[in-house]
Amino acid sequence: MAPESEDDGDDDWTKYSDVSYASEYDPWADLVEQESVSVDDDFDDDFDDFDDEQVRPSEVPRCPSPNGISYVIEIGTCDACLGRVSGTRIAGDPLHIAGSRVRQEAMERDPDISVNGDAEYCPFCENLFTDVELIASRISRSIEGIEFSKGQLGIHFSKEHIASEESLRNSLAATGSRPLKSSLTEEIQRIVLEKIPGLIWVKEKPEVMILVDTLTLGVNIDIRAIFIYGRYRKLSREIPQTRWPCRACRGQDGGCEACQGTGQQYPASIQSMVCDPLVVALEGESDAFHGMGREDIDVRCLGQGRPFVAEIKRPRLRNLDFEALSKSINASAGGSIEIDNLRLSNKAEVARIKETKAEKSYTISFVSEHGFSEEEASARILTLHGKVLEQQTPQRVAHRRADKIRKRKVISLDKVEFNGKEIQFRVRCESGTYVKELVHSDDGRTIPSVAGVLETDCEVVWLDVEDIHAD
Ligand SMILES: [Zn+2]
Ligand SMILES: [Zn+2]
């Protein structure tokens, strides 16, 4: 019995599940890094002869003074940024409406205002606000057919752009003007909502993360995994818990002769029987299976079954009929497994079930040529009740686990039954106990053991997990 399964090293998406995207985690961090290397060099050079006059001639007051507004118009500020930096009341209007009102008032005041000929772009947003319709269309196109309601929008800017906009805003804009990033985010969200009314924008735990890069106007969609909790009973002694790549071909595409083209060491696993139908039902891309520990292939798992969480990655659909799914999974498993209690779960529960150290009850059957009467043999076996075992890492798992001695308690041991040479008993142990070794002693590496008290070899015939005391 191997103890808890190891973490499979999944990518830690929790890092970006609750990002305040502007300041913290940035999936394009390396892109920014490259940008900023060259940009920073240039910036330092510029900085030496940086002249405040270039940003704001000393006689120009900042917004919302009329001269300040005239000045930001002359340097080519777009309507949306004008609405944002002029200090006007927005009054629930879209930014560009508020801005065009400000522009009109300024022109009425001073018809001579004209935009500098060399102002190619809005100096604040570099014309991003004129691209919001395009960005919103790209977003709605890329999420077409994906079933979700909670979306989070992340917008990536170059550090240089953020810095230059901020310095411009600090010298020209009305006090309290909103930063570019949050204004642009809100504007894009508003337009996307017009196209997709059911969408809810969230700041954490989205079902879909939408990333916009302002350099390329590229849109990237990150569909978050769905987690489904359940319990399985394993009624076969021939299936592993998780997929197991073929030893001969290491699971390569198309497999090999040894695995009859499946790439798998075993034709089916609990993972494949549970997750394959879920991947199909949710139109996912792949899956991971997280069990509360695991049992060996030849061990059945009975009772209430073993808790697990199935993780379905990049699902295009999110609504499930759990009852119907359980039935079809059980039907196609043909009696080798049974699952129930399916419900929605989450990443935190994966951590919880992996960390849970549940006691387990087993029935184990073995044969032994001991020289005692049944009464004497039974009495000797029962002396193990309540004992603390010292178990050196079993030889069968030594290749993947550190060689050390673990102490595990036999909580209870009873129901010793004889059937000729075959003996069975029921035992409840601490999490992580090697139960087969408790019987055969692994060449004396587990002390005490059934083989020890019977003073002869014992050979395990079968083992069942009767219950996992998880609740
Ligand atoms: Zn602008
Ligand atoms: Zn193979």
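The values are calculated or read from the model by the stated rules, or taken from the named source; none is laboratory data. What you are looking at is a predicted structure, and each value in this text was computed from that prediction instead of being measured. With ideal geometry, Cβ positions are generated from the backbone for all residues, glycine too; neighbour counts draw on all protein chains shown.
From the list 417, 422, exactly one residue is charged (D, E, K, R) and touching a residue at least 40 places away in the same chain (Cβ under 8 Å). Which is it?
Among 417, 422, only 422 is charged (D, E, K, R) and touching a residue at least 40 places away in the same chain (Cβ under 8 Å).
For a quick check of your reading of the model, give me the residue pairs whose first member lies in region 76-95 and is without any contact (Cβ under 8 Å) to a residue 12 or more places away in the chain, whose second is more than 9 Å from ligand 1 (Cβ to nearest atom), with beta-carbon atoms closer than 7 Å and at least 6 apart or on different chains.
90/83; 90/98
Count, please, the residues in region 106-147 that happen to be without any contact (Cβ under 8 Å) to a residue 24 or more places away in the chain and not in a helix (DSSP H, G or I).
5
Would you check which residues across region 347-375 are within 26 Å of residue 412 (Cβ to Cβ), of a type in the set (A, V, I, L, M) and touching a Phe, Trp or Tyr at 6+ places or on another chain (Cβ under 8 Å) and list them?
353, 364
Out of curiosity, is residue 221 at pLDDT 95 or above, more than 16 Å from ligand 1 (Cβ to nearest atom) and closer than 27 Å to residue 330 by Cβ?
In short, no.
From (1) over 26 Å from residue 334 (Cβ atoms); (2) crowded, with 17+ Cβ neighbours inside 10 Å; (3) not assigned by TED's automatic domain parsing to the domain that holds residue 125, pick out the condition that doesn't hold for residue 248.
The one condition residue 248 does not meet is (2).
Does residue 372 satisfy the criteria of being out of contact with any strand residue (DSSP E or B) (no Cβ under 9 Å at 6 or more places or on another chain), aromatic (Phe, Trp, Tyr), surrounded by 14 or more Cβ atoms within 10 Å (Cβ to Cβ) and outside the structural domain of residue 233 (by TED's automatic domain parsing)?
In short, yes.
Quick grid of which residues meet (1) in contact with a His (Cβ under 9 Å, 6 or more places away or on another chain); (2) over 28 Å from residue 282 (Cα atoms); (3) assigned by TED's automatic domain parsing to the domain that holds residue 66; (4) not small (Gly, Ala, Ser):
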| residue | (1), (2), (3), (4) |
| --- | --- |
| 138 | no, no, yes, yes |
| 160 | no, yes, yes, yes |
| 167 | no, yes, yes, no |
| 175 | no, yes, yes, yes |
| 205 | no, no, yes, yes |
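Any idea which residue in region 39-71 is modelled with the lowest pLDDT, counting only those that are in contact with a Lys or Arg (Cβ under 9 Å, 6 or more places away or on another chain) and in the same structural domain as residue 127 (by TED's automatic domain parsing)?
56
Against the condition without any contact (Cβ under 8 Å) to a residue 60 or more places away in the chain and under 30 Å from residue 144 (Cβ atoms), how does residue 197 come out, does it pass?
yes
When only residues in region 121-144 that are aromatic (Phe, Trp, Tyr) and near ligand 1 (Cβ under 7 Å from one of its atoms) count, which is surrounded by the fewest Cβ atoms within 10 Å (Cβ to Cβ)? So that I can check it myself, show each step before the final result.
Just the residues of region 121-144 that are aromatic (Phe, Trp, Tyr), to begin with: 121, 124, 129.
Restricting the remaining residues to those that are near ligand 1 (Cβ under 7 Å from one of its atoms) gives 124, 129.
Working: 124: 29, 129: 26.
Among them, the one singled out is 129.
Condition (residue is without any contact (Cβ under 8 Å) to a residue 12 or more places away in the chain, assigned to a loop (DSSP other than H, G, I, E, B) and within 16 Å of ligand 2 (Cβ to nearest atom)) applied to region 314-324: is it met by at least one residue?
No, region 314-324 contains no residue that is without any contact (Cβ under 8 Å) to a residue 12 or more places away in the chain, assigned to a loop (DSSP other than H, G, I, E, B) and within 16 Å of ligand 2 (Cβ to nearest atom).
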